[in-house]
Amino acid sequence: MVISVIAISLALAIVFATPEGLFANPREFFVFMVPLIVTIGSGFVLHEMAHKLIAIYYGGKARFRMWTQGIVFMLITSLFGFLFAAPGAVYINAKRITERENGLISLAGPALNLILVFFFLGLEAVAPIEQYYSLLLKWGALSIDIGIQNGVFNVWQFGAAINLLLALFNTIPAFPLDGSKIFRWRKSVWLSFTAVTLIIGYAIIGPTIILNWIILLLIVFIFSKLAFG
Ligand SMILES: [Zn+2]
């Protein structure tokens, strides 16, 4: 789990700082990884813990397993400016697990990310933290609001945005993402949760999030069909 958290934070740091940034200013790059571990790391760990807790509640055995290939793939895509968050997942071992239980276990992860969105927005309201990274200067004119502007990194606003993105990514109804199991259990639950997440995304990140999600949905869907049938 620790390796997975470091890997996902490293991949995200590469996406924002680019590989050139890493080699040009390694010291700043590793300082930048600290708030990323706090924001995306907590989002990842608590997401997996939520799956695990609900699985145990339903009498299953749950274990986190790191995906070495997923980590390698994630680090490679990050070099091209894209984060495909796949460093590992919770595996559930249960003799009898109903479709409903499986749906609820799957929903727990992205639901926890939504809770974290509000937690980070709360922190932003009471104790905002702004840091400056020259590595982020290239993101001066971002069309989406994820707490990065002209080198200024707003930690809690970024935490809210990244957890929203984690929730949204996982709603995609393609195997092995959580969305596929929620969708299989009850389409109305999937649709309501996805709609709520998109609305919150629209409010805190901006309208382009909806188009981006649809494009990502198509890419992941095609990828999932090719890889898993
Ligand atoms: Zn999940």
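Just one residue in the set M74, M66 is in contact with a Pro (Cβ under 9 Å, 6 or more places away or on another chain) and closer than 30 Å to Y133 by Cα; that residue is M74.
Of the candidates I199, I209, I215, the single residue that is assigned to a helix (DSSP H, G or I), at pLDDT 95 or above, farther than 23 Å from E48 by Cβ and more than 14 Å from the ligand (Cβ to nearest atom) is I199. Among the candidates F84, F23, F64, F44, which residue alone is within 24 Å of L137 (Cβ to Cβ) and in contact with a helix residue (DSSP H, G or I) (Cβ under 9 Å, 6 or more places away or on another chain)? Answer to the check: F23. Among the residues of region 49-62, those that are at pLDDT 90 or above, within 14 Å of the ligand (Cβ to nearest atom), out of contact with any Gly (no Cβ under 6 Å at 6 or more places or on another chain) and over 13 Å from S4 (Cβ atoms) comprise K52, L53, I54, A55. Selection of region 24-39 for residues being surrounded by 17 or more Cβ atoms within 10 Å (Cβ to Cβ) and either at pLDDT below 95 or in contact with a strand residue (DSSP E or B) (Cβ under 7 Å, 6 or more places away or on another chain) (or both) yields only P35.
Among the residues examined, Q131 does not qualify as within 23 Å of F32 (Cα to Cα), at pLDDT 95 or above and in a helix (DSSP H, G or I).
Taking the listed residues I146, I97, the one that is in contact (Cβ under 8 Å) with a residue 24 or more places away in the chain, in a loop (DSSP other than H, G, I, E, B) and over 24 Å from A17 (Cα atoms) is I97, with no other qualifying. Looking only at region 109-130, residues that are crowded, with 22+ Cβ neighbours inside 10 Å and free of Cβ contacts under 8 Å to residues at least 60 places away in the same chain come to 0 in all.
Here region 132-191 is the region considered, the condition is being out of contact with any helix residue (DSSP H, G or I) (no Cβ under 6 Å at 6 or more places or on another chain) and within 13 Å of the ligand (Cβ to nearest atom), and the residue that is nearest to I205 (Cα to Cα) is F169.
Across region 68-83, the qualifying residues are those that are assigned to a loop (DSSP other than H, G, I, E, B) and touching a residue at least 24 places away in the same chain (Cβ under 8 Å), and the one among them that is nearest to the ligand (Cβ to nearest atom) is L83.
Taken residue by residue, region 7-23 has at least one member that is under 30 Å from Q149 (Cβ atoms), within 15 Å of the ligand (Cβ to nearest atom) and either modelled with pLDDT of 90 or more or surrounded by fewer than 21 Cβ atoms within 10 Å (Cβ to Cβ) (or both). Any residue at all in region 43-50 that is under 23 Å from D178 (Cα atoms) and either outside any helix (DSSP H, G or I) or more than 13 Å from the chain's Cα centre (by Cα) (or both)? Looking through region 43-50, at least one residue is under 23 Å from D178 (Cα atoms) and either outside any helix (DSSP H, G or I) or more than 13 Å from the chain's Cα centre (by Cα) (or both).
Residues checked against (1) under 22 Å from the mean Cα position of the chain (by Cα); (2) within 29 Å of V31 (Cβ to Cβ):
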position	(1), (2)
V90	yes, no
K95	no, no
A108	yes, no
L112	yes, yes
G122	yes, yes
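Just so you know, in region 84-100 the residues that are among the hydrophobic types (A, V, I, L, M, F, W, C) and within 16 Å of the ligand (Cβ to nearest atom) include one that is surrounded by the fewest Cβ atoms within 10 Å (Cβ to Cβ), and it is I97.
The values are calculated or read from the model by the stated rules, or taken from the named source; none is laboratory data. Being a predicted model, the structure only gives us computed values, none of them experimental. Every residue, glycine as well, gets a Cβ built from its backbone with ideal geometry; the counts of neighbours run over all protein chains shown.
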